[in-house]
Amino acid sequence: MAKVETQLSKELAGVLQGQTVVFLSAVEPESKQIYSTALSWVYAIDERTIRFAIDSKSDFVKIIDQDPRVVLNFIGLETSYSISGEAAVKVRKTEELTLKMALIEVKVKELRDIMFYGGKIVQEPAFVKTYKPELVKQLDDEIRGALH
């Protein structure tokens, strides 16, 4: 069984600064189905707090209102991690931003290194945002500011 931590290390918090693909999962309370999505605007505010932005129309906003338990999975520092925590909708819809986003805060309860035995990540996932570069910078700056 993986060692369980209750907070991020400073180094690991540094990985979660808006440039890492993070997978969000939660259980939809009525259907009991697992919902998952990929996020990029995910920021560790400190060792116990993670904030992310998601479309304000996302089903995740309603799911978190009903059941705050979430799991965030990501790759960093040559391994893969799973964070379980309690989420809360801090802002339902950002009227002042270009994109209308919900801002969600997760309090870290458990952090696990979930890499299989003897495995090591030798190349971390990379992504590009496929819209205009000036819009990428504008949106990244707006959302980073709103989450901090």
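Just checking, how many residues over the range 27-41 are in a strand (DSSP E or B) and not small (Gly, Ala, Ser)?
5
Quick one: ALA13 ticks every box in (1) of a type in the set (Gly, Ala, Ser); (2) outside any loop (DSSP other than H, G, I, E, B); (3) surrounded by fewer than 16 Cβ atoms within 10 Å (Cβ to Cβ) bar one, so which box is it?
Only one criterion is unmet by ALA13, namely (3).
Quick check on this structure: which one of ALA88, ALA53 is under 27 Å from ILE34 (Cα atoms) and touching a Phe, Trp or Tyr at 6+ places or on another chain (Cβ under 7 Å)?
Values: ALA88 fails: touching a Phe, Trp or Tyr at 6+ places or on another chain (Cβ under 7 Å).
Going through ALA88, ALA53 in turn, just one is under 27 Å from ILE34 (Cα atoms) and touching a Phe, Trp or Tyr at 6+ places or on another chain (Cβ under 7 Å): ALA53.
So that you can scan it fast, the table gives a plain yes or no per residue for (1) over 17 Å from ARG112 (Cβ atoms); (2) touching a residue at least 60 places away in the same chain (Cβ under 8 Å); (3) among the aliphatic types (A, V, I, L, M):
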residue	(1), (2), (3)
LYS3	no, yes, no
SER9	no, no, no
VAL89	yes, no, yes
LEU97	yes, no, yes
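Just name the residue that is surrounded by the fewest Cβ atoms within 10 Å (Cβ to Cβ) out of those in the range 101-148 that are among the small types (Gly, Ala, Ser) and part of a loop (DSSP other than H, G, I, E, B). Please lay out each step first, then the result.
At the first step, the residues of the range 101-148 found to be among the small types (Gly, Ala, Ser) are 102, 118-119, 126, 145-146.
Subset that is part of a loop (DSSP other than H, G, I, E, B): 118-119, 126.
On the way: GLY118: 5, GLY119: 10, ALA126: 7.
Top of the filtered list is GLY118.
Filtering the range 81-100 down to residues that are surrounded by 15 or more Cβ atoms within 10 Å (Cβ to Cβ) and within 14 Å of the chain's Cα centre (by Cα), which residue is farthest from PRO29 (Cα to Cα)?
TYR81
Do the conditions hold for PHE52, that is, is it surrounded by 18 or more Cβ atoms within 10 Å (Cβ to Cβ) and touching a residue at least 60 places away in the same chain (Cβ under 8 Å)? If you could, list the steps in order and put the result at the bottom.
Details: surrounded by 18 or more Cβ atoms within 10 Å (Cβ to Cβ): yes; touching a residue at least 60 places away in the same chain (Cβ under 8 Å): yes.
Taking the combined requirement at face value, the residue satisfies it.
Kindly evaluate LEU24 against the criterion of being surrounded by 19 or more Cβ atoms within 10 Å (Cβ to Cβ) and within 22 Å of PRO125 (Cβ to Cβ). Steps first, please.
On the way: surrounded by 19 or more Cβ atoms within 10 Å (Cβ to Cβ): yes; within 22 Å of PRO125 (Cβ to Cβ): yes.
So LEU24 fits the description; yes.
Is it true that some residue in the range 35-47 is in contact (Cβ under 8 Å) with a residue 40 or more places away in the chain and of a type in the set (Ser, Thr, Tyr)? First the steps, then the outcome.
Applying the first criterion (in contact (Cβ under 8 Å) with a residue 40 or more places away in the chain) to the range 35-47 yields 40-41, 43, 45, 47.
Keeping just the survivors that are of a type in the set (Ser, Thr, Tyr) gives 40, 43.
Checked against the condition, which is being in contact (Cβ under 8 Å) with a residue 40 or more places away in the chain and of a type in the set (Ser, Thr, Tyr), the range 35-47 yields at least one hit.
Values quoted throughout were computed directly from the atomic coordinates according to the rules given, and no laboratory measurement underlies them. All values reported here derive from a predicted model rather than from experimental measurement. All Cβ positions, glycine included, derive from the backbone under ideal geometry; neighbour counts span all protein chains shown.
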